[in-house]
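One structure is given here, and the rest of the page talks about it.
The values are calculated or read from the model by the stated rules, or taken from the named source; none is laboratory data. Because the structure is predicted, anything quoted here is derived from the model rather than measured. Cβ atoms come from the backbone with ideal geometry, glycine included; neighbour counts cover every protein chain shown.
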Amino acid sequence: MRITKILAYQVDLPLHEGSYNWSGGKSVQVFDSTVVRVETDAGIAGHGEACPLGPVYLPSYAEGVRAGIAEVGPALIGEDPRDLDRIVRTMDRALKGHPYCKSALDVACWDILGQATGLPVCTLLGGRNGDDFVLYRAISQQAPEAMAANVAGYRAEGYRRFQLKVGSDVETDIARIKAVSEVLEPGDILVADANTGWLQHEAVRVVRGVRDVDVYIEQPCVSYEECRTVRDQSDHAFVLDECIDDLRSVLRGHQDRAMDVVNIKISKFGGLTKARQARDLCQSLGIAMTIEDTWGGDIVTAAISHLAHSTATEFLFTSTDFNSYGPLCIADGAPQRQNGRMAASLAPGLGVSPRFDVLGDPVLEIE
Ligand code: MG
């Protein structure tokens, strides 16, 4: 089987809440997502999606996804999409770094492998664990009372795990964490994600200010070293996200006892192949994981579901259903949240069929 053609589509993903706000006043109103279609001489086509969280979250941006696909795509023409490790090496030879540009292509090849073998990607990634898996809800940054009200609302929809977007001034962030903790019930899990938004001295004050609250602290500061220093002065369970993007950073964090949980975003690692390597390493080291992506629609959500559902239940701290954050459906067959949980499709591959009437004409064609 050979890759004969690669197409890319651009789609805008609006939000039910109107905007998504996180540390430092960063905000996105409409997410710019890229869907790829990889066609083969066997008549099988696979799909993937990549959607940065705007241009100022990680070193990634929406136009960059498409520029990167244009750069590495020609190197994949003629390759066998089922040879996933070879596909990844071919992309890494064609373009150094830029993992987020390669993610959708890698995911599309997993989709093809699944269709070619008649197996769900979840099975190929290690096998399904249980009937479904647990999700969290990200709570966009607002005033403390508004965030508490949002948590109560999403709790009524079935979510039991909440990730608060903090990372502004110390007093307000402490108030946010305390206000939300008061609306939670036993068994609920609360994470305060500063998304690198605190300086070290600010983070130290916040963790002291919420010492008596059962809350996880996620990525308080920009650098790994700052985060480690804050952890040394904190009693809270710790999640690292932005500074964990490859196997070396996972191993370093484990060696230094820098975190209890890591956040594995598929496009941050460069696709399912490398995200699976990190997932397997974390399981071997005893580190629990949030498994998700930077953002996305139905196809990203499907890819997340296959990696999350194939992760041992005790190691899956949370996962995400991005396709419930906005009104636009871009693919049929995508998993849908039920009572704060989700399941990967049982159909071969990712189990999704893109809606090309929604995606429109391709913005990129490589053959
Ligand atoms: Mg995070």
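Data overview
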| item | result |
| --- | --- |
| Strands (runs of 3 or more DSSP E) (entirely within segment 258-367) containing at least 2 residues that are without any contact (Cβ under 8 Å) to a residue 40 or more places away in the chain and at positive phi | none |
| Qualifying residue in segment 238-254 (condition: under 18 Å from L53 (Cα atoms) and aliphatic (A, V, I, L, M)) | yes |
| Residue tally, condition part of a helix (DSSP H, G or I) and surrounded by 17 or more Cβ atoms within 10 Å (Cβ to Cβ), over segment 93-136 | 22 |
| Which listed residue is among the charged types (D, E, K, R), within 25 Å of V65 (Cα to Cα) and surrounded by fewer than 22 Cβ atoms within 10 Å (Cβ to Cβ), from R248, R205 | R248 |
| In segment 51-82, the residues that are closer than 18 Å to C109 by Cα and without any contact (Cβ under 8 Å) to a residue 24 or more places away in the chain | A75 |
| Residue list for segment 245-269, restricted to those being within 16 Å of the ligand (Cβ to nearest atom) and among the acidic types (D, E) | D245, D260 |
| Any pair with Cβ under 9 angstrom, 6 or more apart, that starts in segment 177-195 at a residue that is more than 20 Å from L316 (Cα to Cα) and not assigned by TED's automatic domain parsing to the domain that holds P220 and ends at one that is at pLDDT below 95 and surrounded by fewer than 21 Cβ atoms within 10 Å (Cβ to Cβ) | none |
